[in-house]
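The values are calculated or read from the model by the stated rules, or taken from the named source; none is laboratory data. These numbers come from a predicted model, not from an experiment. Methodologically, a virtual Cβ is constructed for each residue, glycine included, from the backbone with ideal geometry; neighbour enumeration extends over all protein chains shown. Just the protein is used for accessible areas: all its heavy atoms, side chains included, with ligands, DNA and RNA removed. Shrake-Rupley method; radii C 1.70, N 1.55, O 1.52, S 1.80 Å.
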Amino acid sequence: MYYSKCSIFQKPLRQTRFIQCMYVVGFMDLFGVSMIIPLLSHHIKSLGASPTVAGIVGSTYGVLQLFSSTVVGSWSDVVGRRYSMLTCLLLSALGYALLGLSTSITLFVLARIPVGLFKHSLSICRALLSDLVTETERPLVMGHFNAASSVGFILGPVVGGYLTEHEGGFYTSSFVCGSIFLLNAGLVWMLPWSDTQNRTDANANSSSKAHEQRAKQNGLEGTNHVRGEEPEAGLLQPAWRQLSSVLFRIRAVASSDMWDVFLVRLLMAVAIMLYYSNFSLALEERFALKPKVTGYLISYSSTLGALAGCLVGPVTQLYHNDMPALLLHSTVLTCSLIFLYATAASVWQVLLTSTFFAISTTIGRTCITDLELRRGGTQASGTLIGAGQSVTAVGRVLAPLLSGLAQEVSPCGPPSLGVVLALAAVLLLLVRIPKWDSKGRAKNPKL
């Protein structure tokens with residue numbers, strides 16, 4: 001068994017505590033963010049923005065994330081996880097504090113800029129965790145990290161909603177969110193980073209040849225990143241040298257043989273977003289459900305998604321670490337569930353699909369991230385995870401447009417289109433998986 005021999009709980013106590021602290025960082029990150037997200041549209045309208053202006057302003061964050069995800073991820077490979085994470089947390093805290101001072105549309109847009117550019121602390125956390133653990137441990141650790149983050153995302157709106165009921169509630173929520181990010185930065189600063197250096201060095205020595213071969217196959221050779229507590233190799237370099245290293249990594253990923261994995265991520269991201277895009281409106285029109293009941297259903301699904309993060313490790317063990325097969329099966333299940341939702345004849349069928357949909361999507365997201373790291377190697381894990389987030393950001397731009405067009409046809413239009421895209425992802429996996437080995441790496445990189 002994979003985890004009986006290499007469980008994270010068998011690590012030295014300080015390393016285990018470090019990983020658990022990363023779970024706390026992930027929880028606090030999404031807890032703070034989810035306090036603000038439900039309030040943004042109402043606040044921008046209260047500032048006098050028209051629906052069109054509100055839409056344009058709302059898209060600012062997504063566009064900035066699209067272009068900054070890969071750059072910041074690659075920068076974390078160059079200067080190290082500690083200093084890049086601290087930078088992201090502090091500048092995000094600044095952005096949310098400015099949001100609490102926004103009394104005009106201009107100030108609101110200015111406040112969203114540092115958040116859009118530097119709100120990548122979760123991606124850097126994932127890259128750091130991939131540095132700390134072995135390949136077989138990674139799905140378990142990533143699943144627990146995603147579960148902790150999801151719990152924060154569930155609890156945050158409750159606190160944000162409570163604060164909003166008081167006078168100046170939005171501004172209070174913004175300052176509380178900024179304070180949470182400052183606390184996160186303090187926690188990251190105080191962590192025992194010297195332990196991460198020992199761990200990552202051990203991982204590098206145990207699998208350096210395999211990583212070098214994999215990186216060479218995928219065009220990522222020479223992208224060894226600077227880990228934990230090695231600022232001299234990256235942080236103290238001149239700015240132009242850091243920029244050159246970042247551009248080299250981005251160019252290596254762009255020219256690598258990983259288009260199939262990124263395309264699957266894009267197709268499934270858009271399909272899942274289409275499933276949720278008009279969820280409340282569709283249930284009201286199809287089954288006359290009240291918004292309150294729909295809210296309970298969404299909370300139920302979100303809670304299951306958080307709990308499903310703890311299932312990733314056991315499920316991966318059940319599949320003997322065969323991530324391509326697990327990704328294929330989770331994608332097929334997700335496609336089937338979207339189809340069942342689109343054709344649901346009763347609320348109970350929607351409840352059933354929501355139950356398994358939360359589980360399948362949680363496992364699928366962990367699988368696709370793990371495959372990206374296996375295909376590219378951990379030498380450029382920050383760049384790879386950042387590139388994956390940029391692909392997802394493209395989906396966030398496309399999904400509202402496709403959803404609007406599909407809703408012109410029918411309330412079931414968005415999930416029906418999601419079925420088509422998920423089916424395309426399944427077909428792509430069926431074509432490409434025979435060209436991968438059991439670890440998800442290309443047998444022949446030229447194929």
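Per-residue accessible area (protein heavy atoms, 1.4 Å probe) orders Cys367, Cys21 as Cys21, Cys367, starting from the largest. Please report the spacing between the Cα centers of the range 156-182 and the range 94-153 in Å, no decimals. Each part reduced to its Cα centre gives a spacing of 17 Å. Ordering 329-335, 271-277 by mean Cβ neighbour count within 10 Å, with the highest value first, yields 271-277, 329-335. Taking a ≥ b ≥ c as the square roots of the eigenvalues of the Cα gyration tensor, the range 14-84 is classed as oblate, since a/c reaches at least 1.5 and a/b does not exceed b/c. Each Lys and Arg adds +1 at its Cβ and each Asp and Glu adds -1 at its Cβ; summed about the Cα centre, the range 52-146 shows a dipole of about 200 debye.
Take the alpha carbon atoms of the range 80-179, find their radius of gyration, then divide it by 2.2 N^0.38 Å using N residues; give the quotient. Before the final figure, lay out each step's value.
Values: Rg = 16.1 Å, N = 100, 2.2 N^0.38 = 12.7 Å.
The value comes to 1.28.
Backbone phi angles across the range 321-327, fed through the Karplus curve with coefficients 6.51, -1.76 and 1.60 (θ = phi - 60°), yield HN-Hα couplings of 6, 7, 5, x, 5, 5, 5 Hz in residue order; Gly and Pro are listed as x.
Among 62-74, 158-170, what's the highest-first ranking by average C-beta atoms within 10 angstrom per residue?
Highest to lowest by the protection proxy: 62-74, 158-170.
How would Glu285, Glu135 rank on accessible area, largest to smallest, probe 1.4 Å?
Values: Glu285 110, Glu135 40 Å².
So the residues, ranked largest to smallest area, are Glu285, Glu135.
A viscosity of 1.002 mPa s and a temperature of 20 °C, combined with the Kirkwood radius over Cα pairs in Stokes-Einstein, give a translational diffusion coefficient for the range 282-330 of 163 µm²/s. Please work out whether the range 287-360 counts as rounded, prolate or oblate from its C-alpha gyration tensor, where a ≥ b ≥ c are the square roots of the eigenvalues and a/c under 1.5 means rounded, while otherwise a/b larger than b/c means prolate and anything else oblate? Oblate shape, in that a/c is at least 1.5 and b/c is the bigger or equal ratio.
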